[in-house]
Amino acid sequence: MKLKQKFAIRYISSKLKLISVVSKKRAAEKAFDLFSSPVSRSRKQSALFDKVERLPMQVDNIPVMAYRWNKGGGKKVLVLHGFQSASKNFDHFIQLLIDKGYEVLAVDAPAHGESGGDRILLPLYVKTIEAAYNQFGPIQNFVAHSFGGLAITHFLEKIEHGDDYKVALIAPATETSTAIDLFFAMLNLKDSFRKEFEELIIEKGGKHSSEYSIARAVKKIKAKILWIHDADDDITPYSDVVPVISANHDHIQFITTKGLGHRKIYHDDKVVKAVIDFL
């Protein structure tokens, strides 16, 4: 972590602690805003996006950008990025899928890429997927990284689908409660206003953070799933994946990598090949 980032974290931590002395609810609101707001947007340039069909949508009055390549091709596949990422970061996947004859769709979640908004919560990401699915579907194949993986599983459990659907999960954000734990730890926040933080999650989405869980959602999903996760992932910890592996779900195939972490994993040639072969 850069020195500038360390100072910023210390400042934010001190400010939240000071606010919590006056009002735990206010501190929780400030922390919640930080938790749901990407610090930066991906600035990657990609020639593949110079020749894409842009498909603007509206989701909860937020302008959202979807993309399409090879319209009218074979099966459709939807590519979904993670937190503080964008569709452009998956241009290598997209090109290979085009080469295989797929009609490829991708969408920038609100507050990411070319989409509007400044905050993203899971229910909003799920609504974004639903909008793309309804407008450009039927779609039966999905490639999702990190937060995108959490979102697609929560979308699929809502709709009728069969085992002809295929989902490639790459380092998915398995447990929202763990993401909150890591957020509080990063800012060195005590649990003094964690209760109020959880109450905000329930207020915004109607459910406790423990309900926003892939381990829970996959029990209701019929789609075939390829789940690739790195043992050294420090963003979406492998320890969250172990119970899902132990559950021995018939519809899930697991691949464990080593040394790729959370972001290198979706650029690894073997991982990319495994996903393409699975689809």
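Values computed for the structure shown
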quantity	calculated
Additional length obtainable on full extension of the chain from LYS100 to GLU203, 0.36 nm per residue less Cα span	32.7 nm
Reachable aspartates and glutamates from LYS75, criterion Cα separation under 17 angstrom, eight or more residues apart if same chain	ASP99, GLU103, ASP163, ASP164, ASP277
Over 25 Å between alpha carbons, listed pairs LYS88/LYS158; LYS166/LYS219; LYS15/LYS195; LYS76/LYS224; LYS25/LYS204	LYS88/LYS158
Qualifying aspartates and glutamates (Cα of each under 15 Å from Cα of LYS264; at least 8 residues distant if same chain)	ASP91, ASP230, ASP232, ASP233, ASP234
Estimated distance in nm for a label pair at ARG43 and ALA185, the labels positioned 7 Å out from Cα along Cα-to-Cβ	3.1 nm
Amide N of the stretch 172-213 lying under 17 Å from the label point, which is placed 7 angstrom from the Cα of ILE9 along Cα→Cβ	179-191
Beta bridge orientation in the chain: antiparallel %, DSSP, nearest 5	30 percent
Choice from GLY113, GLY259, GLY148 showing the highest fluctuation, given a GNM over the chain with Cα pairs closer than 10 Å	GLY259
Dipole of the chain [Lys/Arg +1, Asp/Glu -1 at C-beta], most positive-end residue of SER209, SER246, GLN140	SER209
Inter-label distance for GLN135 and ALA231, nm, one decimal - labels placed 7 Å from Cα along Cα-to-Cβ	4.3 nm
Efficiency of FRET from Cβ geometry, SER239 and LYS17, R₀ 22 Å, rounded to 0.05	0.20
(1) 18.5; (2) 13.2; (3) 14.5, with the label sought being that of the calculated mean projected area of the Cα convex hull in nm²	(3)
Modelled label reach - SER192, point 7 Å along Cα→Cβ, the stretch 9-33 residues with backbone N closer than 17 Å	10-32
Pairwise FRET efficiency - ALA247 versus LYS273, Cβ, R0 = 30 Å, nearest 0.05	0.65
Highest-first arrangement of 269-279, 172-182, 89-99, where packing means the average Cβ count within 10 Å	172-182, 89-99, 269-279
Per-residue Cβ neighbour rank within 10 angstrom, fewest leading, LEU105, LEU156	LEU156, LEU105
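A short reminder: the numbers here are calculations on the coordinates, not readings from a lab. Everything numeric here is computed off the predicted structure, so don't read it as measured data. Ideal geometry is used to build each Cβ from the backbone, glycine not excepted, and the neighbour counts take in all protein chains shown.
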